[in-house]
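Remarks on the structure that follows.
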Amino acid sequence: MTTGATIVWFRQDLRIHDHAALHAAVARGVPLVLVYVLEEQGPWRAGAAMRYWLHETLAALSTDLQRHGQRLLLLRGDAQVELTRLRAACGADALYFNRRYEPHDHALDARIAQTLGARCEVRSFASHLLFEPEAVQTGTGTAYRVFTPYYRACLQLPTPRPPLPAPRRWPAPAGAPAGLALEELQLLPRIAWAGGIAARWPAGEQAAHVALDEFIDERMNDYARDRDRPSLNGTAGISPYLCVGALSARSCWHAAHQAALRERDAGRTSAAEGWTRQLIWREFAYHLLHHFPHTPDAPFRAEWQAFPWLHDDSVLRRWQRGMTGIPLVDAGMRELWHTGYMHNRVRMVVASWLCKHLGLHWLAGARWFWDTLIDADLANNTLGWQWSAGCGADAAPYFRIFNPVSQSVKFDPAGLYLRRWLPERAALDDKAIHQPGVRVSGYPEAMVDLAEGRRQALARYASLPR
Ligand SMILES: Cc1cc2nc3c(=O)[nH]c(=O)nc-3n(C[C@H](O)[C@H](O)[C@H](O)COP(=O)(O)OP(=O)(O)OC[C@H]3O[C@@H](n4cnc5c(N)ncnc54)[C@H](O)[C@@H]3O)c2cc1C
């Protein structure tokens with residue numbers, strides 16, 4: 001029997017099911033210190049919507065842990081400094097945590113292993129992804145840059161292990177400093193603007209599993225048909241949970257594959273493969289972020305450094321506020337502002353409009369998403385924006401410019417999504433509602449003519465050094 005205490009450092013894994021570090025710590029059988037450290041440095045520290053979401057998720061995790069006689073200790077500051085202090089204060093002989101993959105995390109983990117490793121056992125675990133970024137390699141041992149071969153390579157690897165259960169017998173909590181109250185982390189906004197987010201998104205691990213199960217049991221088989229229709233509840237709606245780790249990717253993967261086996265036994269085909277392919281897009285995003293850590297701030301392709309992006313704050317503000325005069329773009333931007341989320345099809349349209357028709361830098365869009373999304377995820381957001389702008393790995397070619405009106409007619413034919421988010425246009429008929437040229441009081445004229453914006457975008461593209 002080991003003596004001492006094990007510190008479990010919670011990070012982007014705010015759950016108790018399928019938590020590899022917690023599972024191993026419980027198996028050690030010595031008292032536990034469970035800690036979360038709010039780190040506030042760096043250009044990509046949590047945005048306003050994510051801070052709200054973190055507050056709610058930490059509250060839910062604390063409640064779950066209390067049911068098992070445990071306490072979540074909350075700290076704020078530099079993780080290395082705080083963990084070093086904590087280890088000394090509680091005499092822990094082990095520090096366990098799950099790995100993160102953002103650029104500064106590698107250096108941080110290495111520093112922690114070096115400084116704390118001299119005094120206690122430091123172990124990191126794989127728990128955030130299905131496949132570790134290094135585990136997927138081309139035949140020549142390099143990183144993938146194109147999704148389809150990456151996807152095929154993933155399918156050749158051993159199936160991700162099933163999710164770990166939540167611990168059943170918990171060791172006693174160890175004596176530890178009091179830490180901060182959740183309110184002292186000051187994650188909530190001073191002005192209460194998060195009502196729309198709260199109404200749409202219940203926080204925490206239990207809510208995450210309810211969302212996953214409901215999707216798999218009731219909607220996954222219609223995913224291919226409904227996933228691009230923003231007025232429908234056609235996708236899983238789990239990204240806010242995956243993002244803070246209230247849900248693990250393995251839980252999603254196995255739930256989908258078990259449903260597929262049940263369908264097969266009943267003589268039916270299942271849509272699990274189509275949906276789990278999306279989970280592999282998330283893996284691909286992490287693979288790229290790990291191998292190309294410059295990409296949150298700079299284009300994947302170096303030649304795009306010289307691209308003549310425009311900078312205009314007043315144009316950017318109209319896009320941010322959903323006042324561009326292009327109905328689908330404005331509906332999407334307002335959905336984002338009110339709910340902390342935007343449908344994937346609409347994300348592609350608003351991003352294309354910003355980078356191509358308006359010619360603004362993709363980073364201006366990525367930063368706004370970062371501040372307003374509750375699923376803001378550095379890997380996925382970078383992939384999505386670089387893909388939309390045309391400067392990323394396996395990106396949509398720059399000359400493929402979404403027409404937001406045809407997208408609207410195709411994917412929201414009865415204008416249900418537009419009516420929900422643009423009440424000033426709700427009385428227009430199914431045809432007119434899509435057309436920027438059909439004016440109503442209180443709704444602006446289109447900032448840029450569709451054909452002219454496209455022509456200007458292609459002219460800028462022609463200046464790109466090849
Ligand atoms: C410009 C832009 C920015 C984006 N920013 C983010 C972001 O910050 N955080 C984020 O989680 N996703 C981002 N996405 C990807 C995608 O829009 C969301 O993951 C998706 O809308 C989440 O909804 P869902 O859970 O219902 O997805 P489902 O369609 O049910 O898919 C299940 C899961 O697969 C993953 N997934 C699905 N599509 C993608 C994709 N295109 N790229 C990577 N992973 C994917 C997500 O983890 C998602 O939760 C962005 C896309 C674009 C075009």
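Here are some notes:
- Complete set of residues in region 3-36 that are within 20 Å of the chain's Cα centre (by Cα) and under 29 Å from Asp371 (Cβ atoms): Phe10, Arg11, Gln12, Asp13, Leu14, Arg15, His19, Tyr36
- Output for region 370-386, where each listed residue is near the ligand (Cβ under 8 Å from one of its atoms) and acidic (Asp, Glu): Asp375, Asp377
- Among the residues listed as Glu183, Glu205, Glu134, the single one being within 21 Å of Leu14 (Cα to Cα) and loosely packed, with under 15 Cβ neighbours inside 10 Å: Glu183
- Residue that is under 30 Å from Glu273 (Cβ atoms), crowded, with 20+ Cβ neighbours inside 10 Å and aromatic (Phe, Trp, Tyr), where the choices are Tyr96, Tyr150: Tyr150
- Meets criteria (part of a helix (DSSP H, G or I), acidic (Asp, Glu), away from the ligand (no atom under 16 Å from the Cβ) and touching a residue at least 24 places away in the same chain (Cβ under 8 Å)) for Asp330: yes
- Any chance Glu102 is touching a residue at least 40 places away in the same chain (Cβ under 8 Å) and touching a helix residue (DSSP H, G or I) at 6+ places or on another chain (Cβ under 6 Å): yes
- Filter result for the condition that a residue is buried (at least 20 other Cβ atoms within 10 Å of the Cβ) and hydrophobic (A, V, I, L, M, F, W, C), over Leu310, Leu328: Leu328
- In region 343-369, the residues that are among the aromatic types (Phe, Trp, Tyr), buried (at least 24 other Cβ atoms within 10 Å of the Cβ) and near the ligand (Cβ under 9 Å from one of its atoms): Trp362
- Scanning region 209-221 for residues that are touching a residue at least 24 places away in the same chain (Cβ under 8 Å) and either closer than 20 Å to Leu336 by Cα or loosely packed, with under 14 Cβ neighbours inside 10 Å (or both) turns up Ala211, Asp213, Asp217.
- Arg400 meets the conditions (1) without any contact (Cβ under 8 Å) to a residue 24 or more places away in the chain; (2) away from the ligand (no atom under 16 Å from the Cβ); (3) exposed (fewer than 14 other Cβ atoms within 10 Å of the Cβ) in every case but one. The failed one is (2).
- Checking Ala285 against (1) of a type in the set (Gly, Ala, Ser); (2) under 18 Å from Arg347 (Cα atoms); (3) out of contact with any Ser or Thr (no Cβ under 9 Å at 6 or more places or on another chain), the condition it does not meet: (3)
- Region 284-295, residues that are within 15 Å of the ligand (Cβ to nearest atom) and touching a Pro at 6+ places or on another chain (Cβ under 7 Å): Tyr286, His287, His290
- Yes/no for Ala414 being more than 10 Å from the ligand (Cβ to nearest atom), among the hydrophobic types (A, V, I, L, M, F, W, C) and modelled with pLDDT of 95 or more: yes
- Pick from region 252-283, criterion more than 12 Å from the ligand (Cβ to nearest atom) and among the polar types (S, T, N, Q), ranking: surrounded by the most Cβ atoms within 10 Å (Cβ to Cβ): Ser270
- Index of the failed condition, Gly325 passing every other in (1) touching a residue at least 12 places away in the same chain (Cβ under 8 Å); (2) within 12 Å of the ligand (Cβ to nearest atom); (3) more than 28 Å from Ala393 (Cα to Cα): (2)
- Only a single item in (1) surrounded by fewer than 18 Cβ atoms within 10 Å (Cβ to Cβ); (2) at pLDDT 95 or above is not met by Leu73, and it is number (1).
The values are calculated or read from the model by the stated rules, or taken from the named source; none is laboratory data. It should be emphasised that the depicted structure is a prediction, and the values quoted were computed from it without experimental measurement. Cβ sites come from the backbone with ideal geometry, for glycine too, and all protein chains shown count toward neighbours.
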